[in-house]
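See below for the structure under consideration.
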Amino acid sequence: MLKSRTSRLIKLMAMIAIIVGFIGLGSLYLNEGMEGKPSSSHDDFNANLVIHASPIVLPDFNVDLPSGAKTLVDFRGHFLIINLWATWCAPCRREMPQFENLQSILGDRAVVIALSLDRGKRAKPDAFLDELGIKLLTRAHDGKQKIARQIGLFGVPTTLLINQEGQEVARLQGEAVWDGAQAQAAILRLIGE
């Protein structure tokens, strides 16, 4: 009987330790999110950007735009920066104004697509982008998250850099400073400038 109580006590203490650990991690995440800027680990754009040794051929997925559906093939000839995001994702929310600024900087050298993965209809992500004053980004929506499955998405934010032939040349999973000097230089190199 004593052995049984000791065993239960050890299990209870282990569960408490796990719960405290999760609370601590959650607190760190939320505190970082409340600062309004990414942590220093996100400042090193080049360390987080994965440039593929060979371009990856992507499936020709459909992108739901306000003007109607387009496929990846419809964008051939344009360098694409596709940011997969959701309104509930704090880092995604912080990045959106940076992508707007990046589109302004790059002009017609690239098309920045804000691809929302919010479930259901596009009204919620569109309202969020309107609230932020986002006007330059190409708005897209994947309410069924089909594209996320097709490309093997692990989480948001994730950003794909796609060359003019429609092939993925780089990917960045997680938060980054997208309108900073490192990002601009890396993107211009990938564009071929």
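What percentage of the solvent-accessible surface of segment 61-108, computed with a 1.4 Å probe over protein heavy atoms, is contributed by carbon and sulfur atoms?
50
Cα to Cα, under 15 Å, and not fewer than 8 places away if on the same chain: which aspartates and glutamates meet these conditions relative to Lys144?
Asp64, Asp118
Starting from the Cα of Ile105, move 7 Å in the Cα-to-Cβ direction to define the label point; list residues of segment 152-193 whose amide nitrogen is under 11 Å from there.
Output list for this probe position: 177-188.
So what is the relative contact order for segment 28-187, in percent, with contacts set as C-alpha pairs under 8 Å and at least six apart?
Relative contact order comes out at 35 percent.
Residues in segment 72-104, backbone N under 18 Å from the label point at Gln173 (7 Å along the Cα-to-beta-carbon vector): list them, ranges by number please.
82-86, 89-92
Calculate, for Asn46 and Ala90, the FRET efficiency according to 1/(1 + (r/R0)^6) with r their C-beta to C-beta distance and R0 30 Å; round to the nearest 0.05.
That gives a FRET efficiency of 0.80.
Rank-order 73-85, 177-189 by packing density, defined as the average count of other C-beta atoms within 10 Å over each peptide's residues, highest first.
By packing density, highest mean first, the sequence is 73-85, 177-189.
Using a cut-off of under 20 Å, list every residue of segment 42-66 whose amide N is near the label point 7 Å from the Cα of Ala123 along the Cα-to-beta-carbon line.
Under cut-off, by backbone N: 64-66.
How much accessible area per residue does segment 111-193 have, counting only protein heavy atoms and a probe of 1.4 Å, in square angstrom?
About 44 Å² of surface per residue is accessible.
Relative to the Cα centre, what is the charge dipole magnitude of segment 149-193, using +1 at the beta carbon of each Lys and Arg, -1 at the beta carbon of each Asp and Glu, and rounding to the nearest 20 debye?
My answer is approximately 140 debye.
Specify the inter-centroid distance of segment 89-114 and segment 44-84, based on alpha-carbon positions, in whole Å.
Cα centroid to Cα centroid, the span is 14 Å.
The values are calculated or read from the model by the stated rules, or taken from the named source; none is laboratory data. Since the structure is predicted, the reported quantities are computational estimates derived from the model, not experimental observations. Ideal geometry is used to build each Cβ from the backbone, glycine not excepted, and the neighbour counts take in all protein chains shown. We work out accessible area using only protein heavy atoms, side chains counted, and drop any ligands, DNA or RNA first. Shrake-Rupley method; radii C 1.70, N 1.55, O 1.52, S 1.80 Å.
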